[in-house]
Structures are given as C-alpha cells and as structure tokens.
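First comes the structure, then the notes that go with it.
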Amino acid sequence: MGRAIIAGNWKMNLTPSQGVALVKELLPKIEGAGCEVVLCVPFVDIAPVAGALTGSKVRLGAQNLHFKASGAYTGEVSAAMLKEAGAEYVIIGHSERRQYFAESDETVNLKALFALENGLIPIVCVGESLAQRESGETNAFVAGQVRAALQGIGAQAAKGIVLAYEPIWAIGTGRVATNEQANETIGAIRKTLGELYGPETAKGITIQYGGSMNAQNADGLMAMPEIDGGLIGGASLKAEDFAAIVRAASR
C-alpha cells in the first residue's frame with residue numbers, strides 16, 4: 001500500500017519552548033524509524049521546532065492554511081509562510097476544523113488544491129459521526145467526502161496527497177474503531193480512490209487511521225492490510241507513547 005506515515009497532531013497544545021523540549025526527548029527514541037514521521041504543530045511552534053529537528057529525518061507540518069496566497073484574511077496563514085517557517089505537510093479538513101470553524105467540503109478542496117500547487121503535502125481528513133456509523137452510512141458518507149476533497153485533482157497530483165480516516169466519534173474520546181472497522185472503511189476509501197484514479201494509483205496513496213490510536217492499540221491497527229499509518233492526537237504529546245506507535249508502524 002502507500003508508504004507508512006505516522007503524523008503527530010499537537011492540536012492547540014505546547015508553547016514553542018515546550019515543543020522544542022518534547023522534540024529533544026522524542027528524537028533519540030525514534031532514531032532509525034522504519035516509517036516516515038511528521039509532527040504537525042501550532043503555527044507559532046513551526047520555526048522553533050524546525051530548528052530542533054535539524055539533522056533528523058522527522059518532517060514538519062502545520063494544522064491548517066488558507067487557500068489564497070495573501071490578502072485581507074486576518075488571523076489566517078499562507079502556504080508561503082508555512083514553507084518559509086519550515087513546514088512540508090499541512091493537515092486539512094480535520095473534523096475539529098469542520099465542527100468548530102465552519103470548514104466545508106468546498107474549503108477542504110480549495111485548500112488541498114492550493115497546498116499541492118504550493119509544494120505542501122496535504123493530510124486530508126475524512127470521517128463519520130456516531131449516528132452515521134450506527135445507521136450504516138459510513139462508507140457512502142466517507143466516499144462522498146473523499147470525492148469532494150479531491151475534485152479537480154488529477155491522478156499524478158493525487159499521489160502527493162495523504163488521507164486520514166478519522167471517525168469523529170473516536171477522536172479524543174478514548175473510543176477506537178475496531179481494527180476490522182478501521183480496515184474496512186479505509187478499504188472503502190481506497191476503492192473510491194481506485195474509481196477516481198485507477199487501482200495502481202490508489203494502492204500508492206497513504207491512508208492513515210486517526211481516532212485515539214495509542215501505544216496500546218497501534219500494533220493491532222498497523223497490522224491491518226489497508227492501514228498505512230496514523231494521525232495521532234493525544235499520544236503525540238508524550239514522547240514514549242508516540243515512539244511506541246512509530247515502532248509499531250516500523251514493524
């Protein structure tokens with residue numbers, strides 16, 4: 001499948017000095033990792049964390065961007081700003097952005113297009129609510145989100161995208177999709193990618209699982225054939241827990 005990527009999403013946690021301290025604790029624990037490791041940090045942490053990562057293979061990401069190059073968009077951050085600060089990845093359409101900040105399928109698509117055009121790797125998030133899961137709508141709903149997010153993105157450009165399946169009911173709740181549920185839904189996402197771009201391209205696109213992946217359940221999730229990695233929330237704030245997930249992905 002796609003290359004294994006473990007990405008930490010620090011969300012609105014850690015000041016610049018705290019972030020640098022965590023990186024210094026983390027790096028020795030993940031030396032020689034057999035997967036790609038990305039830290040997606042708050043905007044103000046990007047430059048100092050980039051400095052702390054110098055000489056390591058760990059990549060750096062942001063948690064959002066605007067879909068315009070510049071302008072009167074108070075409080076927003078551009079792709080050029082992220083790149084100059086040291087970011088290579090950017091999370092787009094996280095369910096918390098959709099829930100609290102009016103992110104829509106349309107803006108997710110605009111941001112994904114803009115990130116690709118500006119040389120950033122988008123981690124595009126999709127996922128269903130508990131009500132949708134319980135009513136059997138999961139696969140159809142998530143497939144619709146994928147199609148909307150990737151509208152206007154050709155097969156070659158799509159190879160530069162990472163998708164993250166994050167069931168909303170499992171984010172920060174401690175509830176986790178079973179290994180089989182996560183694998184099945186990610187398989188449905190890959191089937192959608194196959195319909196859009198052909199099976200060979202679909203096989204090469206990284207699809208992560210997000211939603212309370214932690215040091216205890218990472219081995220089981222990463223053993224599933226469709227799951228290429230994880231987008232890690234709370235566990236990414238603890239060096240040993242995050243390192244354990246990286247080790248699980250490396251196996």
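The values are calculated or read from the model by the stated rules, or taken from the named source; none is laboratory data. Predicted model only: the values in this text are computed from it and were never measured. Every residue, glycine among them, receives a Cβ derived from its backbone with ideal geometry; neighbour counts consider all protein chains shown.
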Quiz item: If only one of Asp241, Asp219 is more than 13 Å from Gln181 (Cα to Cα) and touching a Lys or Arg at 6+ places or on another chain (Cβ under 9 Å), which one is it?
Solution: Asp219
Quiz item: On the given criteria, is Val20 in a helix (DSSP H, G or I) and surrounded by fewer than 20 Cβ atoms within 10 Å (Cβ to Cβ)?
Solution: yes
Quiz item: Quick check: is even one residue across the stretch 173-193 over 21 Å from Glu96 (Cβ atoms) and in contact with a Gly (Cβ under 8 Å, 6 or more places away or on another chain)?
Solution: yes
Quiz item: Here are some residues: Glu96, Glu76. Which one is more than 19 Å from the chain's Cα centre (by Cα) and either surrounded by fewer than 20 Cβ atoms within 10 Å (Cβ to Cβ) or not aromatic (Phe, Trp, Tyr) (or both)?
Solution: Glu76
Exercise. Would you please name the residue that is nearest to the chain's Cα centre (by Cα), looking only at residues in the stretch 133-170 that are farther than 30 Å from Glu117 by Cα and crowded, with 18+ Cβ neighbours inside 10 Å?
Key: Ala170
Quiz item: Hey, among the residues in the stretch 23-55 that are surrounded by fewer than 23 Cβ atoms within 10 Å (Cβ to Cβ) and among the acidic types (Asp, Glu), which one's farthest from Glu240 (Cα to Cα)?
Solution: Glu36
Quiz item: So is Gly229 touching a residue at least 12 places away in the same chain (Cβ under 8 Å), farther than 22 Å from Gln18 by Cα and touching a Cys at 6+ places or on another chain (Cβ under 9 Å) or not?
Solution: yes
Quiz prompt | Near pairs, Cβ below 8 angstrom, 6+ apart or cross-chain, from the stretch 13-34 (within 14 Å of Ala52 (Cα to Cα)) to any residue that is surrounded by fewer than 13 Cβ atoms within 10 Å (Cβ to Cβ) and modelled with pLDDT of 95 or more | solution = Val20/Gly51
Quiz prompt | Residues of the stretch 198-212 satisfying the condition of being in contact (Cβ under 8 Å) with a residue 40 or more places away in the chain and either touching a helix residue (DSSP H, G or I) at 6+ places or on another chain (Cβ under 6 Å) or under 8 Å from Tyr165 (Cβ atoms) (or both) | solution = Thr201, Ile205, Ile207, Gln208, Tyr209, Gly210, Gly211, Ser212
Practice problem: Please work out which residue is surrounded by the fewest Cβ atoms within 10 Å (Cβ to Cβ), limiting yourself to the stretch 1-17 and to residues that are farther than 13 Å from Gly234 by Cα and among the hydrophobic types (A, V, I, L, M, F, W, C). | Solution: Met1
Self-check item: Selection within the stretch 171-188 - crowded, with 21+ Cβ neighbours inside 10 Å and touching a residue at least 60 places away in the same chain (Cβ under 8 Å)
Solution: Ile171
Quiz item: Does Thr74 satisfy being under 28 Å from Ala21 (Cβ atoms), out of contact with any Cys (no Cβ under 9 Å at 6 or more places or on another chain) and either touching a residue at least 60 places away in the same chain (Cβ under 8 Å) or part of a loop (DSSP other than H, G, I, E, B) (or both)?
Solution: no
Exercise. Considering only the stretch 90-135, state which residues are among the hydrophobic types (A, V, I, L, M, F, W, C) and part of a helix (DSSP H, G or I).
Key: Val108, Leu110, Ala112, Leu113, Phe114, Ala115, Leu116, Leu130, Ala131
